[in-house]
Amino acid sequence: MPGKAPHQESPASRKSGTRKQTMPHDFNQQIIKEFRANRGKVGGPFEGARLLLLTTTGARSGVRRTVPLGYLDDEGGRMLVIASAGGAPRHPAWYHNLRADSRVTVETGILTIEAEAAVLEGEERDRLFARAVEADAGWADYEVRSGRVLPVVALTPRSVSFSDLPEGAPSPRDGDRLRVAQVPAASGDRAAVMTAMQSLFAGAPALGGDVTPALAHTGGVPGLWVSAAGGSAAGDGVTLYVHGGGFERAQPALEPLMAWRLSEATGRPVFKVDQRLAPAHPYPAALDDVVAVYRSLLEQGVPADRVVVCGESSGGTLVLSALLALKEAGDPLPGAAIAVSPLTDLTLSSRSLDVNEGGDVIDRRVAEHVTVQYLAGAPADRAPQSPLHGDLRGLPSLLLVAGTAEVLLDDTRRFAAAAAAADVDVTVDLYEGMPHAFHASVMAQDPPAVAMTFLRRLADWVAGTRAGRAR
């Protein structure tokens, strides 16, 4: 869309030349301020555009300069920007700056990325520019108007940190036990996810997995064994699945489907825990159930390092709480743990509860309701019930997953930063534009592409942990 600005080198580049010389700069500064205040979202003529903030070092002045740019995602986490200057005959200043110093800073609104800029040449440049034109013909129009070959620049991340965490919060970078990926989404991915999730309420697809119990007992806690991969619990390990539902709801028709998908991804039998639910059974009943099932696996010969513990939403909270409870009790910890869209701070202090209000399938009122019911008077600022407030040292490798549009986004970001600062290996996958627990769409008859991406990334991550390595 030529008028929508994703192909502009700078949103101000189209402002009328009859304005004062300072107007483009002031206009850009307004966009930068709005971008930073609203986690990468801007309104007006650039609402919905895919923007980043690029900071370069002046080739002559040495002064750091920031401009808003449209961008495209590329393989390996690279981001592509095009030096179009809105079709002007000269290259923009930021392009000259990065030619002199390739070290740049990129802001996405969620992440701050230290990156290396490289001007692409030859076939690679032509191929990627053609891809940009295919997505938006405005790039070709700019090239014709400019009378020059528009440079395509690849920005390769070197380190990543979280933007705008609360004052005093740790924010380690990649390499300090923290690996962060912002997983891009196509324009129709969110709609596809919502459609798939709605389809589940109309009727659950048939379960294709084996439901034969893999072990004799599960510590007196009910649940269901599901296996899509065969194998034995003692030899291949077990994935322990803790369902979500705000600590108070279960969906017996759907949860076995998630267990099946997790069995496919982790290559081992899955036990779906039917933990007790609030308000009839408030904290610590559900946590005690998860811990009891885990201990029963070890009692029956399953090696701790072959266990993967996985949960979403309130189930993700219980996974992290269980790790803390087991560590405190001196139990061997599992080989890996996965929490999708977890609530980690039950004081509800995360900024995203308000910043992302209205863009998610849940809101602050839902979070307030479920925490009050679950805690039933227990303190919200203590662990293990509120995982962020615990001693995170010694936890196993963690995969934390969230959508960038969800109100619990900062619960993931803050916990990841605290865990990495406590010397825990943490991988964070942030799915662009996705709502709370978007991964539930993997249970649909025809899962959307982003849901399958989630499963593939989860499988690859497990394979690289202690739980996934061949014994």
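The values are calculated or read from the model by the stated rules, or taken from the named source; none is laboratory data. Here the structure is a predicted model, which means the values were calculated and not measured. Note: ideal-geometry Cβ built from the backbone for every residue, glycine included; neighbour counts use all protein chains shown. Each accessible area value is taken on the protein alone, full model and side chains, heavy atoms only, with ligands, DNA and RNA left out. Shrake-Rupley method; radii C 1.70, N 1.55, O 1.52, S 1.80 Å.
Summarising the label geometry, the points placed 7 Å from Cα in the beta-carbon direction at Ala88 and Arg148 lie 1.0 nm from one another.
In order along region 442-451, the phi-based Karplus estimate (6.51 cos²θ - 1.76 cosθ + 1.60, θ = phi - 60°) of 3J(HN,Hα) comes to 5, 7, 5, 4, 10, x, x, 4, 5, 5 Hz; Gly and Pro are listed as x.
Legend: residues Arg414, Arg158, Arg268, sorted from most to least accessible area (1.4 Å probe; ligands, DNA and RNA excluded), read Arg158, Arg414, Arg268. A simple spin-label model places the labels of Arg64 and Glu328 4.1 nm from each other, with each point 7 Å out along Cα-to-Cβ.
Given region 45-138 reduced to its alpha-carbon atoms as identical point scatterers, what log10 I(q)/I(0) does the Debye formula return at q = 0.13, 0.15, 0.23 Å⁻¹? Normalising to I(0) and taking log10 leaves -0.46, -0.62, -1.47. Each residue of region 30-42 is assigned a 3J(HN,Hα), and the resulting list reads 5, 5, 4, 5, 5, 4, 5, 6, 10, 6, x, 9, 10 Hz, derived from the Karplus form 6.51 cos²θ - 1.76 cosθ + 1.60 (θ = phi - 60°), x at Gly and Pro. The translational diffusion coefficient of region 245-338, from Stokes-Einstein at 25 °C and 0.890 mPa s with a Kirkwood hydrodynamic radius over alpha carbon pairs, comes to 179 µm²/s.
Note on the chain: lysine pairs with Cα distance below 20 Å, sequence gap of 8 or more or different chains, count 5. When both bridge partners sit in the chain, DSSP labels roughly 50% of those beta bridges antiparallel. Summed over the residues of region 369-408 and divided among them, the accessible surface reaches 34 Å² per residue at a probe radius of 1.4 Å. In summary, the convex hull built on the alpha carbon positions of the chain has an orientation-averaged projected area of 23.4 nm². The modelled label-to-label distance between Glu124 and Gln198, using points 7 Å beyond Cα along the C-beta direction, is 4.3 nm. Work out how much length Asp73 to Ala463 would gain on full extension: take 0.36 nm times their residue separation and subtract the Cα-Cα distance, in nm to one decimal. Result: 137.8 nm gained on full extension. If you wrap the tightest convex hull around every Cα atom of region 364-471 and split its volume per residue, you get 139 Å³. FRET efficiency for the pair Gln445 and Glu357, taken as 1/(1 + (r/R0)^6) with r the Cβ-Cβ distance and R0 = 25 Å, rounds to 0.20. Using 1/(1 + (r/R0)^6) with R0 = 56 angstrom and r between the beta carbons of Asp26 and Asp210, what's the FRET efficiency to the nearest 0.05? Given R0 = 56 Å and the Cβ-Cβ separation, E is 0.30. Subtracting the Cα-Cα distance of Val372 and Arg393 from their residue separation scaled by 0.36 nm leaves 4.8 nm.
Which order, highest average first, do 319-328, 245-254 follow once you tally other Cβ atoms within 10 Å for each residue and take the mean per peptide?
Listed from highest to lowest mean packing, they are 319-328, 245-254.
How much length is gained on full extension from Arg382 to Thr347, taking 0.36 nm per residue of separation minus their Cα-Cα distance?
Full extension of this stretch gives 11.7 nm more.
Considering only C-alpha atoms, what is the centroid distance from region 309-374 to region 218-278, in Å? If we compute the Cα centre of each part, the gap is 18 Å.
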